[in-house]
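Enquirer: One structure coming up, written as structure tokens, with questions to follow.
The values are calculated or read from the model by the stated rules, or taken from the named source; none is laboratory data. Please read all numbers here as calculations on a predicted model, not as lab measurements. Quick reminder, even Gly has a Cβ in these numbers, built from the backbone with ideal geometry, and neighbours come from all protein chains shown. Just so you know, the surface numbers come from the protein's heavy atoms only, side chains and all, with ligands and any DNA or RNA stripped out. Shrake-Rupley method; radii C 1.70, N 1.55, O 1.52, S 1.80 Å.
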Protein chains: 2
Amino acid sequence: MTVPSTYLQMFSTLNESGELCLELVEKPVPTPKANEVLVRIEATPINPSDQGVMFGWADISAASTSGNGSKSVLSAPVSEQGMRVMKARVGQALPVGNEGAGTVVATGDSELASSLQGKVVAVMGGSMYAQYRCVDAATCLPLHDGHSAKDGASCFVNPLTALSMIETMKMEGHSALVHTAAASNLGQMLVRICQADGVELVNIVRKEEQAKLLRDMGAKYVVNSSSDNFKAELTDAIHATGATLAFDATGGGTLASDILACMEAAASRTPGAYSIYGSVKHKQVYLYGNLDTSPTVLQRAYGMAWGVGGWLLPNFLAKAGTEVVARLRARVASELKTTFASHYTNEISLVEALDADTVRQYYAKHTGEKFLICSQK
Amino acid sequence: MTVPSTYLQMFSTLNESGELCLELVEKPVPTPKANEVLVRIEATPINPSDQGVMFGWADISAASTSGNGSKSVLSAPVSEQGMRVMKARVGQALPVGNEGAGTVVATGDSELASSLQGKVVAVMGGSMYAQYRCVDAATCLPLHDGHSAKDGASCFVNPLTALSMIETMKMEGHSALVHTAAASNLGQMLVRICQADGVELVNIVRKEEQAKLLRDMGAKYVVNSSSDNFKAELTDAIHATGATLAFDATGGGTLASDILACMEAAASRTPGAYSIYGSVKHKQVYLYGNLDTSPTVLQRAYGMAWGVGGWLLPNFLAKAGTEVVARLRARVASELKTTFASHYTNEISLVEALDADTVRQYYAKHTGEKFLICSQK
């Protein structure tokens, strides 16, 4: 494979004037150092966590694209409040794209690096919305024979997040889980992992077709938040499973508070679990996403043994340590086409990812819709 | 001292009809078992945490008292929402009063129990709004010679809470503290402990006279939340101290969220502390009180490494273990008249504690106002 001398990479910049710009920059292709490999990026997904860096608090409904081809620039206005929140990134060209996969086209001299020559590998190293990426060989996850870059593009964010939810559950002394936005790609993975591992899972969805999708997969507890009896149904499911931990992808509104209230109501059915200061067992909701950007509203009618907090995969992996991470990565590689299979509804090029109408489409984050950037397209 | 055959004890009962009743019940004085002692309760404080059990979600503005003397009954209506929250306690006569002190007037045969005969001891065992209380001798904290029951009435809730805040800070890897409602009895104790232990403390108060009180005590960082520049001043104080942990007595509103936002703003001033997902160091606010019963509103504009949760002294002490608890108790006894001195603005009898107007006065929880029940009055 011939390696060109330059390549295109996407950057997001917030200007002091209150405008966010997303564009492609031409850069020289680097030569790998001893422990490094050069990966020709072939497939890289657009995750909600990528969009946090790409767009931040910009107003995407008012975004527009100027220029053509590799000179396209997406611009979007940012409100005063948004500028305050994003103050720390003003003027910095931030690389985007957390994960992706492709072929190793050049390597350094080290044994590990040179052993990867020609292999298809998955990488989670940031700066992945690009045509090439030079990374430490040790961070690459070599795919099994017969697995393509497209199969391995989403090896990390969703699979490791789903697996880390189970690890968090075990580390923090819980025995079952509640998950919101449960019909997502990630949610479906979690259903499969919990089935394989014998972990009880309460799935919260917003629509009947999402509930049906999960039930058809064999999910045992599926609760629709649009139901008139939502809280009673959620309390029943929590009581049946004993879940005292939830992962919430929506973040805003009263959902986290409602889950805690249902956990408390479930605990009050169990003799001995209740005291005058509320149930004794710690109840925790982690907000790992931001689908609802409104404030989180906590009613606090669930005693004193509760917590709500942010949850971020890299922070968890750092805390879990290298042994745990290696175990989780190996499982992803070996179950890539089953448990961790991802489905993409749209494949687009780097340039198409800057088109305002296309941006609005993937920015909407519709359940079941997932975009893949094919950087060589 | 002659021990009577019966004594009065206060109970709080929520009736199914939506009425909360607080009254005195006559009970036979028990004979201590081998390991027990009978304490003649002489002084027992009314803490906010006691009032949670006494009144719950009842409407105290509409409370009234019927009957006379030891037959007085305080009644207060409870809203439908309040009934839902308190469902688990309907029909139960709950004993009230977390802590108090008095003289040991009878003991069991064990060595420890009989060694306490005639001693003035502090007790945290619940059911303290009473004239007598029989407890395990091991739970008693004997006061030093010359210290009275009134000196030792508040040995546990405030002193152990203040000390446990420092313990929590150390256990969870923080190095400085933020405290709200900082001019309270508890807040003043915390100021003295932090000065003695060399811990940096950011005090948040609502009024200038409270700020002056703390500054006169030598507090270094005092921020007034009524100031126009509150957030800027709080950010400066957090930056100067490096505080990433806060204890909030108010619970409701946006104060917890504002503290997290200021911690984030302080972190963004420190090179290397900031990433695109927000500052990396975990920022935590514990809600240990409920002075503001409105919902907690979290803006979530402070990255992903944050947590908000309930904090309850008994839960913490159970986690900390017996060695830590023994160390903290010994410190309270030896610094009872200095670091842990409590001031009472009103001394009332058990019967007076049931008078509707008196209830409304202590229910208001004005900063600096503190009521002591003298059970033998």
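Enquirer: Name the residues in the stretch A:333-345 that are of a type outside the set (Gly, Ala, Ser) and either part of a helix (DSSP H, G or I) or open to solvent by less than 40 Å² (accessible area, probe 1.4 Å) (or both), would you? Steps first, answer last, please.
Expert: As a first pass, look at the stretch A:333-345 and keep what is of a type outside the set (Gly, Ala, Ser): A:335-340, A:343-345.
Of everything in the stretch A:333-345, those that are of a type outside the set (Gly, Ala, Ser) and either part of a helix (DSSP H, G or I) or open to solvent by less than 40 Å² (accessible area, probe 1.4 Å) (or both) turn out to be A:Leu336, A:Thr339, A:Phe340.
Enquirer: Of all residues being open to solvent by 30 Å² or more (accessible area, probe 1.4 Å) and within 16 Å of the chain's Cα centre (by Cα) in the stretch A:313-323, which is farthest from A:Gly173 (Cα to Cα)? Just the residue, please. Walk me through how you get there before you give the answer.
Expert: Step one: of the stretch A:313-323, the residues open to solvent by 30 Å² or more (accessible area, probe 1.4 Å) are A:314-315, A:318-319, A:322-323.
From the residues that got through so far, the ones that are within 16 Å of the chain's Cα centre (by Cα) too are A:314-315.
Numbers: A:Pro314: 21, A:Asn315: 19 Å.
Here the answer is A:Pro314.
Enquirer: A further question follows. Against the definition (within 26 Å of A:Asn315 (Cα to Cα) and surrounded by fewer than 22 Cβ atoms within 10 Å (Cβ to Cβ)), how does B:Ala265 come out, yes or no? Break it down into steps so the answer makes sense when it comes.
Expert: Working: within 26 Å of A:Asn315 (Cα to Cα): yes; surrounded by fewer than 22 Cβ atoms within 10 Å (Cβ to Cβ): no.
So B:Ala265 fails the test.
Enquirer: Limited to the stretch B:285-309, what total is found for residues that are touching a residue at least 60 places away in the same chain (Cβ under 8 Å) and assigned to a loop (DSSP other than H, G, I, E, B)?
Expert: Qualifying residue count, the stretch B:285-309: 4.
Enquirer: Working only within the stretch B:60-93, note down all residues that are open to solvent by 60 Å² or more (accessible area, probe 1.4 Å), away from chain A (no Cβ under 14 Å) and either in a helix (DSSP H, G or I) or within 18 Å of A:Arg300 (Cα to Cα) (or both).
Expert: B:Ser61, B:Lys71
Enquirer: Which condition number in (1) within 12 Å of chain A (Cβ to nearest Cβ); (2) closer than 20 Å to B:Gly152 by Cα; (3) of a type outside the set (D, E, K, R); (4) open to solvent by less than 30 Å² (accessible area, probe 1.4 Å) is the one that B:Leu38 fails?
Expert: Status for B:Leu38: all satisfied but (1).
Enquirer: Specify which of the listed residues (A:His174, A:His179) is modelled with pLDDT of 95 or more, in contact with a Phe, Trp or Tyr (Cβ under 6 Å, 6 or more places away or on another chain) and either of a type in the set (D, E, K, R) or closer than 22 Å to A:Met263 by Cβ (or both). I'd like the intermediate steps shown before the answer.
Expert: Numbers: A:His174 fails: in contact with a Phe, Trp or Tyr (Cβ under 6 Å, 6 or more places away or on another chain).
Testing whether each residue is modelled with pLDDT of 95 or more, in contact with a Phe, Trp or Tyr (Cβ under 6 Å, 6 or more places away or on another chain) and either of a type in the set (D, E, K, R) or closer than 22 Å to A:Met263 by Cβ (or both) leaves just A:His179.
Enquirer: Within the stretch B:351-362, identify whether any single residue is farther than 27 Å from A:Glu172 by Cα, modelled with pLDDT under 95 and open to solvent by 20 Å² or more (accessible area, probe 1.4 Å), and answer yes or no. Step through it out loud before you land on a result.
Expert: So the first thing to find is which residues in the stretch B:351-362 are farther than 27 Å from A:Glu172 by Cα, and the list is B:351-362.
Narrowing the set further to residues that are modelled with pLDDT under 95 leaves none.
Scanning the stretch B:351-362, I find no residue that is farther than 27 Å from A:Glu172 by Cα, modelled with pLDDT under 95 and open to solvent by 20 Å² or more (accessible area, probe 1.4 Å), so the answer is no.
Enquirer: Can you tell me how many residues in the stretch A:168-198 are farther than 18 Å from A:Thr235 by Cα and surrounded by 18 or more Cβ atoms within 10 Å (Cβ to Cβ)?
Expert: Here is the first cut: in the stretch A:168-198, the ones farther than 18 Å from A:Thr235 by Cα are A:168-173, A:183-198.
Going one step further and asking which of them are surrounded by 18 or more Cβ atoms within 10 Å (Cβ to Cβ), we end up with A:168-169, A:183-194.
Residues flagged as farther than 18 Å from A:Thr235 by Cα and surrounded by 18 or more Cβ atoms within 10 Å (Cβ to Cβ) within the stretch A:168-198 amount to 14.
Enquirer: In the stretch A:138-163, which residues are part of a loop (DSSP other than H, G, I, E, B) and closer than 30 Å to A:Val178 by Cα? It would help to see each step written out before you state the result.
Expert: So in the stretch A:138-163, the residues part of a loop (DSSP other than H, G, I, E, B) come out as A:140, A:143-148, A:153-156.
Residues satisfying the conditions are A:Ala153, A:Ser154, A:Cys155, A:Phe156.
Enquirer: Can you pull out the residues in the stretch A:108-163 that are open to solvent by less than 10 Å² (accessible area, probe 1.4 Å) and aromatic (Phe, Trp, Tyr)?
Expert: A:Tyr129, A:Phe156
Enquirer: Still on this structure: Here is a list of conditions, (1) of a type in the set (Asp, Glu); (2) touching a residue at least 40 places away in the same chain (Cβ under 8 Å); (3) within 14 Å of another protein chain (Cβ to nearest Cβ), and A:Asp258 meets all of them except one; can you say which number that is?
Expert: (2)
Enquirer: State the number of residues belonging to the stretch B:286-312 that are charged (D, E, K, R) and either surrounded by fewer than 21 Cβ atoms within 10 Å (Cβ to Cβ) or in contact with a Cys (Cβ under 6 Å, 6 or more places away or on another chain) (or both). Let's see the steps before the verdict.
Expert: From the stretch B:286-312, those charged (D, E, K, R) are B:292, B:300; that's our starting set.
If we keep only those that are either surrounded by fewer than 21 Cβ atoms within 10 Å (Cβ to Cβ) or in contact with a Cys (Cβ under 6 Å, 6 or more places away or on another chain) (or both) too, we end up with B:292.
Of the residues in the stretch B:286-312, 1 are charged (D, E, K, R) and either surrounded by fewer than 21 Cβ atoms within 10 Å (Cβ to Cβ) or in contact with a Cys (Cβ under 6 Å, 6 or more places away or on another chain) (or both).
Enquirer: Something else about it: Between A:Ala330, A:Ala326, which is open to solvent by 50 Å² or more (accessible area, probe 1.4 Å), farther than 30 Å from B:Tyr288 by Cβ and in contact with a strand residue (DSSP E or B) (Cβ under 9 Å, 6 or more places away or on another chain)? So that I can check it myself, show each step before the final result.
Expert: On the way: A:Ala326 fails: in contact with a strand residue (DSSP E or B) (Cβ under 9 Å, 6 or more places away or on another chain).
Every option except A:Ala330 fails the conditions.
Enquirer: Looking for something under 30 Å from B:Leu312 (Cβ atoms), more than 14 Å from chain B (Cβ to nearest Cβ), within 25 Å of the chain's Cα centre (by Cα) and among the charged types (D, E, K, R) - is there at least one such residue anywhere in the stretch A:181-202? Reasoning before the result, please.
Expert: Kept after step one, since they are under 30 Å from B:Leu312 (Cβ atoms), are these residues of the stretch A:181-202: A:199-202.
Checking which are more than 14 Å from chain B (Cβ to nearest Cβ) leaves us with A:199-202.
The next check asks that each one be within 25 Å of the chain's Cα centre (by Cα); those that pass are A:199-202.
Applying the additional criterion that residues be among the charged types (D, E, K, R) yields A:200.
Yes.
Enquirer: A further question on this structure: Just to verify a result, which residue in the stretch A:1-26, among those that are of a type in the set (A, V, I, L, M) and part of a strand (DSSP E or B), is most open to solvent (accessible area, probe 1.4 Å)? Before the answer, list the steps.
Expert: Let us first name the residues in the stretch A:1-26 that are of a type in the set (A, V, I, L, M), namely A:1, A:3, A:8, A:10, A:14, A:20, A:22, A:24-25.
With the extra rule that they be part of a strand (DSSP E or B), the set shrinks to A:8, A:10, A:14, A:20, A:22, A:24-25.
Values: A:Leu8: 35, A:Met10: 0, A:Leu14: 0, A:Leu20: 0, A:Leu22: 0, A:Leu24: 19, A:Val25: 56 Å².
Among them, the one singled out is A:Val25.
Enquirer: Applying the selection to the stretch B:262-312, what residues are more than 7 Å from chain A (Cβ to nearest Cβ), in contact with a Lys or Arg (Cβ under 7 Å, 6 or more places away or on another chain) and of a type in the set (Gly, Ala, Ser)?
Expert: Hits for the stretch B:262-312 are B:Ala267, B:Ala273.
Enquirer: So, in the stretch B:315-332, how many residues would count as being touching a Pro at 6+ places or on another chain (Cβ under 8 Å) and within 14 Å of chain A (Cβ to nearest Cβ)?
Expert: The total comes to 0.
Enquirer: Any residue at all in the stretch A:249-256 that is outside any loop (DSSP other than H, G, I, E, B), aliphatic (A, V, I, L, M), open to solvent by 20 Å² or more (accessible area, probe 1.4 Å) and in contact with a strand residue (DSSP E or B) (Cβ under 7 Å, 6 or more places away or on another chain)? Walk me through how you get there before you give the answer.
Expert: The first filter runs over the stretch A:249-256 and keeps only residues outside any loop (DSSP other than H, G, I, E, B), leaving A:251-253, A:255-256.
From what's left, aliphatic (A, V, I, L, M): A:255-256.
Applying the additional criterion that residues be open to solvent by 20 Å² or more (accessible area, probe 1.4 Å) yields A:255.
If we keep only those that are in contact with a strand residue (DSSP E or B) (Cβ under 7 Å, 6 or more places away or on another chain) as well, we get A:255.
Yes.
Enquirer: Next up: Only one of B:Ser115, B:Ser110 is more than 30 Å from B:Glu19 (Cα to Cα) and free of Cβ contacts under 8 Å to residues at least 60 places away in the same chain; which?
Expert: Being more than 30 Å from B:Glu19 (Cα to Cα) and free of Cβ contacts under 8 Å to residues at least 60 places away in the same chain holds for just one of B:Ser115, B:Ser110, which is B:Ser115.
Enquirer: Check the stretch A:27-38 and report whether any residue there is in contact with a helix residue (DSSP H, G or I) (Cβ under 8 Å, 6 or more places away or on another chain), among the aliphatic types (A, V, I, L, M) and either over 21 Å from B:Gly303 (Cβ atoms) or in a helix (DSSP H, G or I) (or both). Reasoning before the result, please.
Expert: Of all residues in the stretch A:27-38, those in contact with a helix residue (DSSP H, G or I) (Cβ under 8 Å, 6 or more places away or on another chain) come to A:32, A:34-37.
Those left that are additionally among the aliphatic types (A, V, I, L, M): A:34, A:37.
From what is left, the residues that are either over 21 Å from B:Gly303 (Cβ atoms) or in a helix (DSSP H, G or I) (or both) are A:34, A:37.
Yes, the stretch A:27-38 has at least one match.
Enquirer: May I ask you to list pairs of residues, at least six apart or on different chains, whose Cβ atoms are under 6 Å apart, with the first in the stretch A:225-247 being more than 15 Å from A:Arg206 (Cβ to Cβ) and in contact (Cβ under 8 Å) with a residue 12 or more places away in the chain and the second being surrounded by 15 or more Cβ atoms within 10 Å (Cβ to Cβ) and among the acidic types (Asp, Glu)?
Expert: A:Thr241/A:Glu200
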